[in-house]
Amino acid sequence: MKVKMLPIAALSSTISLISLLVVAPVRAENPDHVRQLLATKSCTGCDLRGADLSGEDLSGADLRGADLSFANLQGANLQGANLQGANIFNTNFNGANVEGVII
């Protein structure tokens, strides 16, 4: 049985593509939902995947059922925010104020 080998360039391209898909999450937040959250502090069921909300004042925000996966909330003020049913998979909460957050 003869085994065919992929050309080095094709193999290298395939590995590069796979590593991008695994390492870098796709930013997919809905810009209208981000604006709504920042303007009203209410965004139930919103698509905030990958959103950069670092340093934002989201105290008391209503984020029930929101998708915050891969979002950056580093240093954000979430004091008293409602995150019931929210997807927080791989969300960055480093340095965030999470006092009184409802989960």
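Assorted remarks:
Here's the yes/no breakdown for (1) within 18 Å of GLU29 (Cα to Cα); (2) touching a residue at least 24 places away in the same chain (Cβ under 8 Å); (3) part of a strand (DSSP E or B):
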{"site": "GLY45", "(1), (2), (3)": "yes, no, no"}
{"site": "GLY50", "(1), (2), (3)": "yes, yes, no"}
{"site": "PHE70", "(1), (2), (3)": "yes, yes, no"}
{"site": "GLN74", "(1), (2), (3)": "yes, no, no"}
{"site": "GLY80", "(1), (2), (3)": "no, no, no"}
{"site": "ASN90", "(1), (2), (3)": "yes, yes, no"}
{"site": "GLY95", "(1), (2), (3)": "no, no, no"}
{"site": "GLY100", "(1), (2), (3)": "no, no, no"}
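- Taken together, the residues in the stretch 70-86 that are on the phi < 0 side of the Ramachandran plot and buried (at least 17 other Cβ atoms within 10 Å of the Cβ) amount to 10.
Any read-out appearing in this document is the output of simple, stated calculations on the displayed coordinates, not a laboratory observation. This is a predicted model, so every value here is computed, not measured. Cβ atoms come from the backbone with ideal geometry, glycine included; neighbour counts cover every protein chain shown.
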